[in-house]
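What follows is one structure encoded as structure tokens, with my remarks underneath.
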Amino acid sequence: MKFILKILKDFPWFLWSGWGAVASIFLFIALWDVGYQLYGELVLPSPKATFGAVADFFSDEAIVSDMILTITRAMIGFVAALIFGSVLGLLAGFFATASIMSRPIVTILVGMPPIAWVVLAMIWFGMGDTSVIFTVVIASFPIVFVGAMQGTRTIEGELKEMVDSFGLSLWQKFTNLYFPHIFSYIFPAWVSGLGMSWKIVVMAELLSSSDGIGAALAVARSQLDTTVALALVVVMIGSLLFLEYIVLEPIKKEVEAWRD
Amino acid sequence: MERLEVKGLNHSFGFFRVLEDINFTLEKGKVISIVGPSGGGKTTLLHLCAGLLDLTEGEIVNTFKSSAFAFQEPRLLPWKSVLDNIALGLIAKGVSKKEAEIKATNIALEFGLELKDLEKFPKDLSGGMRQRVSFARALVVEPSLLFLDEPFSALDIGLKKELQNHLIDYIAHHNLTILFITHDIMEAIRLSDKILLLKSDPGEIVKRITIDTPQIERTDKEVFDRMIELLKDQDIINTFELEIK
């Protein structure tokens, strides 16, 4: 509770410190406008037209339901990856054999291009929700898994000895030593897993689904509607930026205040 | 009477004999230091006595009601504030959080930390400050027996002396018992009632030196004189492979 209050208290200061980021985003938009003036509407629609299209989305029921669908899929996939990845990663970390055995499998999972998973998922599950969610899970899982495993394997023997010397109970050892240490590894892994889910969901939808933002993107492409396509991208990036910088970053800052 | 008795202790790592036939008794209120060169099995002996390593040969009888350990490095939990680090041992003993914080604050101030330091994380403290925290953490539980594993070795002489004086006060006022290992003979002379000289390969006690003056009455001159005397001792010369000029 104290922790959440501290995050809320520091929040205005955190936002105020974001002027640099805002300036760089505006600079980027200015360059984008230069591109528009050089190459014209068809290649690169103006930022104004794009943001106008984004604003129109919110009054378009079909697009709003697409957005909700996409976000739901991304969240379901991410939460599943978070649960499986964390639990299996912790287990793998606690047993030396399991961690040695899981390493090559993780390498395969990380190395496998997500697009290949989309194709396989389409064959296995057909078009629709399952394929999209499966792809999201399989792409984010290894990131979370590795984070959890690393966290468990890197607890210092010296600190373990110290807690033993003070005779902490198993539960006290967990809350004072294991949990904070593992969390410091697993939390950043969750954040990258979430970013991954956001990207993968659109790609999977584009190929293997007839609804959601990805599918809307495919329609915009076939109609050569660059403005809508770009506006959809802006929506996805905007929501990810919001989630990462406004929601997760303040939590991360607080959680990791003890780090150098 | 509480005591720690080590009888016929041997210890090996694989085929390598680290400790051989170690015998000594540590009584309540006394300080024994084990002095010897680095790598001579001192830490192993201390860990065996503290129960951090499993005993294989010999016997250790420990009737002390409680004990605490201060390590060579501070070993603080990096994600906990100074105050929570000090309170760790109290929490383990089931003391309420509020009482633990009061006790931890008091002992922190006694060990030369300031109120504003208590909320800091270990990363924001200097090495000497961290060692103070480590000492406070060990002593706040009011242990009957304290194990010290060269905790002064990384400190400058000023800080070393200051912390040693704190400890000497503690010995006098709390009837604290200490098993202390060090490679610094002067430190051992200043703090202990009995010095056990441990030679290496394998670790064996080759000499027992008793110092009768209570720690609190020991003057610097006395310590220096004793030091000079010991440096002429043949066993010490052999154990530390001192070159005589």
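Read-outs throughout are calculated quantities, based only on the coordinates presented, and are distinct from any laboratory measurement. Values in this document were obtained by computation on a predicted structure and should not be read as measured data. For neighbour counting, all protein chains shown are included, and Cβ atoms are generated from backbone atoms with ideal geometry for every residue, glycine included.
Enter the mean number of other protein chain beta carbons within 10 Å of the beta carbon of each residue in A:166-172, as an integer.
5
Between B:ASP21 and B:ASN238, what FRET efficiency follows from the Cβ-Cβ distance if R0 is 25 Å, with the result rounded to 0.05?
E between B:ASP21 and B:ASN238, to the nearest 0.05, is 0.85.
On a straight-distance basis, which aspartates and glutamates could pair with A:LYS9 in a cross-link, Cα separation under 15 angstrom, same-chain partners fewer than 8 positions away excluded?
A:GLU249, A:GLU254
What does the structure give for B:41-53 when I average, per residue, the other chain Cβ atoms found within 10 Å of the residue Cβ?
That works out to 1 on average.
What do you get for chymotrypsin sites (Phe, Trp or Tyr not before Pro) in the range A:1-110 restricted to DSSP loop and a cutoff of at most 15 other Cβ within 10 Å of the site's Cβ?
A:PHE58, A:PHE95
Other chains' Cβ within 10 Å of B:69-78 residues: what's the mean?
So the per-residue partner count for this stretch is 4.
Which FRET efficiency value, to the nearest 0.05, is calculated for A:MET127 and A:VAL233 with the Förster distance at 22 angstrom and r the Cβ-Cβ distance?
In this case the efficiency is close to 0.45.
Among B:ALA188, B:VAL61, B:TYR170, whose Cα projects farthest towards the positive end of the dipole of chain B, with charges put on the beta-carbon of Lys, Arg (+1) and Asp, Glu (-1)?
B:TYR170
From the square roots a ≥ b ≥ c of the eigenvalues of the alpha-carbon gyration tensor of the range B:1-83, which class results: rounded (a/c under 1.5), prolate (a/b over b/c), or oblate?
The shape class here is oblate.
Counting just the Cα atoms, what span does chain B cover along each of its three principal axes? Round to the nearest Å and put the largest first.
Computed over chain B, the largest-to-smallest principal extents equal 52, 42, 35 Å.
Given a cut-off of 24 Å, name the pairs among B:LYS7/B:LYS93; A:LYS6/A:LYS160; A:LYS6/B:LYS98; B:LYS93/B:LYS123 whose C-alpha atoms lie farther apart than that in the structure shown.
B:LYS7/B:LYS93; A:LYS6/A:LYS160; B:LYS93/B:LYS123
Loop-only check: which chymotrypsin sites (Phe, Trp or Tyr not before Pro) in the range B:1-89 are DSSP coil with at most 13 other Cβ within 10 angstrom?
B:PHE15
Give me A:THR135, B:THR56, B:THR43 sorted ascending by neighbouring Cβ count inside 10 Å, so fewest comes first.
B:THR56, B:THR43, A:THR135
Output the DSSP H helices from chain A with an along-axis C-alpha extent of no less than 24 Å and a mean Kyte-Doolittle hydropathy no less than 1.6.
Result, helices passing both filters: A:61-94.
Within the range A:122-147, whose backbone N sits under 20 Å from a point 7 Å along Cα→Cβ of A:VAL87?
So the set is A:133-147.
To the nearest 500 deg cm²/dmol, what mean residue ellipticity at 222 nm is calculated for the protein assembly as shown from DSSP H runs of n ≥ 4 alone, each contributing -39,500 (n - 2.57), summed and divided by the residues?
-19500 deg cm²/dmol
Mind pulling the per residue volume of the convex hull built on the Cα atoms of the protein assembly as shown? Å³ is fine.
It is 211 Å³ per residue.
In Å, what Rg and Dmax follow from the Cα atoms of the range A:179-230?
Computed over the Cα atoms of the range A:179-230, radius of gyration and Dmax are 16.3, 52 Å.
For the range B:39-117, report the translational diffusion coefficient in µm²/s to the nearest whole number, using Stokes-Einstein at 37 °C, 0.692 mPa s, and a Kirkwood Rh over Cα pairs.
Reported coefficient: 218 µm²/s.
If neighbour count is taken as other Cβ atoms inside 10 Å, put B:ASP124, B:ASP212 in order from fewest to most.
In order of increasing Cβ crowding within 10 Å: B:ASP212, B:ASP124.
List the aspartates and glutamates whose Cα sits under 16 Å from the Cα of A:LYS252, skipping any in the same chain fewer than 8 residues away.
A:ASP10, A:GLU244, A:ASP260
Between the range A:176-222 and the range B:183-200, what's the alpha-carbon centroid distance in Å?
One Cα centre to the other: 62 Å.
Determine Rg/Rh for chain A; Rg is computed over alpha-carbon atoms and Rh is the Kirkwood hydrodynamic estimate from the same atoms.
Expressed as Rg/Rh, it is 1.05.
Would you order A:GLU41, A:GLU161 from fewest to most other beta-carbon atoms within 10 Å of each residue's own beta-carbon?
Ordered by Cβ neighbours within 10 Å, fewest first: A:GLU41, A:GLU161.
For q values of 0.11 Å⁻¹, compute log₁₀ I(q)/I(0) with the Debye formula on a Cα-only model of the range B:152-245, without solvent.
-0.34
Starting from 0.36 nm per residue, how many nanometres of slack lie between A:VAL22 and A:ASP260 once their C-alpha separation is accounted for?
83.0 nm
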